[in-house]
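Q: Attaching a single structure in structure tokens format; questions to follow.
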Amino acid sequence: MLGTIVNVSCILTGSVIGSFVSRGIKEKYKTALFDGLGLATVGLGANAFVSNIPKVTYPVLFIASIAIGTIIGTRLDLDGRFHGLLEKAKGGSKLAEGLSTAILLFCIGTLSILGPIESRLNGNNTYLFTNATLDFVSSIILSSAYGLGIAIAALVLFCWQGSIYLFAGFIAPYMTPALMGEISVLGGIFLMSSGLGILQIRDCKTLNMLPALLVPPTFYALVNVVKSLL
């Protein structure tokens, strides 16, 4: 768990630094910061999407995943519930937007998923240390725009990576490059969606799409069952 602890510590430290940096910044500069953050998020999402599309085995699976996941998420009103939890917080609406972006950025990525598996099975924390460095910089930028509340994402990351670490022996055989490609493609779409929200172009209610992440593993599990029966 050393790698995860370092990752969480970097996010907490970055969040504190970013919240102090934001103090005294004029509104026009904060607006410029939001614009830059939105563009950067869209760019990261587009890069994740384009670089991972060639790795997938079923090119239309991500479309079906988004459709199925969004229907489920909308029915459960995940986005509305999440905003409801933060509505009493100072700047609750903005914080919810920033926090959802932070959680997606920190948790839904190859390093954040494979890192705990590599750490548990091989004692190698390289992935997690690299991820921690990236998250440190990202948390500074996010907290400078949205405030110290971004630090809450560190708790989500700890639970996420901790769960993967605990079940690494069971998960590892199924985390094939093709499945990781599908998850990374969805992560790219989520980030682009978040970026559009930050830029105030369109609120796609990204959190309602999150159940889409369950579709590729379920699909691959069913394919393996069918192959074993043939």
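The values are calculated or read from the model by the stated rules, or taken from the named source; none is laboratory data. Because the structure is a prediction, the values reported are computed rather than measured. Positions of Cβ are generated from backbone atoms using ideal geometry, with glycine treated the same way; all protein chains shown enter the neighbour counts. To get the accessible areas, we keep the full protein, side chains included, count just its heavy atoms, and leave off ligands, DNA and RNA. Shrake-Rupley method; radii C 1.70, N 1.55, O 1.52, S 1.80 Å.
Q: When you go through (1) free of Cβ contacts under 8 Å to residues at least 24 places away in the same chain; (2) crowded, with 18+ Cβ neighbours inside 10 Å; (3) of a type outside the set (Gly, Ala, Ser) one by one for Phe106, which number turns out not to apply?
A: (1)
Q: Name every residue in segment 58-67 that is open to solvent by 80 Å² or more (accessible area, probe 1.4 Å) and at pLDDT 90 or above, in order of residue number.
A: Quick first cut of segment 58-67, residues open to solvent by 80 Å² or more (accessible area, probe 1.4 Å) only: 59-60, 63.
Within segment 58-67, Val60, Ile63 qualify.
Q: Would you pick out the residues in segment 205-230 that are of a type outside the set (Gly, Ala, Ser), open to solvent by less than 40 Å² (accessible area, probe 1.4 Å) and touching a helix residue (DSSP H, G or I) at 6+ places or on another chain (Cβ under 9 Å)? So that I can check it myself, show each step before the final result.
A: First pass over segment 205-230, keeping only residues of a type outside the set (Gly, Ala, Ser): 205-211, 213-220, 222-227, 229-230.
So of that shortlist, the ones also open to solvent by less than 40 Å² (accessible area, probe 1.4 Å) come out as 206-209, 211, 213, 215-216, 220, 223.
If the condition is that a residue be of a type outside the set (Gly, Ala, Ser), open to solvent by less than 40 Å² (accessible area, probe 1.4 Å) and touching a helix residue (DSSP H, G or I) at 6+ places or on another chain (Cβ under 9 Å), then Thr206, Leu207, Asn208, Met209, Pro211, Leu213, Val215, Pro216, Tyr220 are the ones that fit.
Q: So, in segment 148-189, of the ones that are modelled with pLDDT under 85 and in contact with a Lys or Arg (Cβ under 9 Å, 6 or more places away or on another chain), which residue ends up most open to solvent (accessible area, probe 1.4 Å)?
A: Taking the candidates together, the pick is Gly169.
Q: Does Ala40 count as surrounded by 14 or more Cβ atoms within 10 Å (Cβ to Cβ), closer than 30 Å to Leu166 by Cβ and either at pLDDT 90 or above or of a type in the set (Gly, Ala, Ser) (or both)?
A: Working: surrounded by 14 or more Cβ atoms within 10 Å (Cβ to Cβ): yes; closer than 30 Å to Leu166 by Cβ: no; either at pLDDT 90 or above or of a type in the set (Gly, Ala, Ser) (or both): yes.
Criteria not met by Ala40.
Q: Considering segment 120-130 alone, what residues qualify as being in a helix (DSSP H, G or I) and either among the charged types (D, E, K, R) or open to solvent by 10 Å² or more (accessible area, probe 1.4 Å) (or both)?
A: Those that are in a helix (DSSP H, G or I) and either among the charged types (D, E, K, R) or open to solvent by 10 Å² or more (accessible area, probe 1.4 Å) (or both): Arg120, Leu121, Asn122, Thr126, Tyr127, Phe129, Thr130.
Q: Within segment 150-202, work out how many residues are polar (S, T, N, Q) and outside any helix (DSSP H, G or I). Step through it out loud before you land on a result.
A: To start, the set of residues in segment 150-202 that are polar (S, T, N, Q) comprises 161, 163, 176, 184, 193-194, 200.
Those still in the list that are outside any helix (DSSP H, G or I) too: 176, 200.
Selection size over segment 150-202: 2.
Q: Let me ask another. Here is a list: Thr74, Thr31. Which entry is within 25 Å of Asp203 (Cα to Cα), over 19 Å from the mean Cα position of the chain (by Cα) and open to solvent by 60 Å² or more (accessible area, probe 1.4 Å)?
A: Working: Thr74 fails: over 19 Å from the mean Cα position of the chain (by Cα).
When all the criteria are applied, what remains is Thr31.
Q: For segment 190-197, check the following and say yes or no: at least one residue is surrounded by fewer than 19 Cβ atoms within 10 Å (Cβ to Cβ), touching a residue at least 60 places away in the same chain (Cβ under 8 Å) and either in contact with a Gly (Cβ under 6 Å, 6 or more places away or on another chain) or closer than 20 Å to Asn7 by Cα (or both).
A: Taking every residue of segment 190-197 in turn, none turns out to be surrounded by fewer than 19 Cβ atoms within 10 Å (Cβ to Cβ), touching a residue at least 60 places away in the same chain (Cβ under 8 Å) and either in contact with a Gly (Cβ under 6 Å, 6 or more places away or on another chain) or closer than 20 Å to Asn7 by Cα (or both).
Q: Right, next: Here is a list: Ala145, Ala96. Which entry is free of Cβ contacts under 8 Å to residues at least 40 places away in the same chain, touching a helix residue (DSSP H, G or I) at 6+ places or on another chain (Cβ under 6 Å), surrounded by 19 or more Cβ atoms within 10 Å (Cβ to Cβ) and farther than 27 Å from Thr57 by Cβ?
A: Values: Ala145 fails: free of Cβ contacts under 8 Å to residues at least 40 places away in the same chain.
Going through Ala145, Ala96 in turn, the sole match is Ala96.
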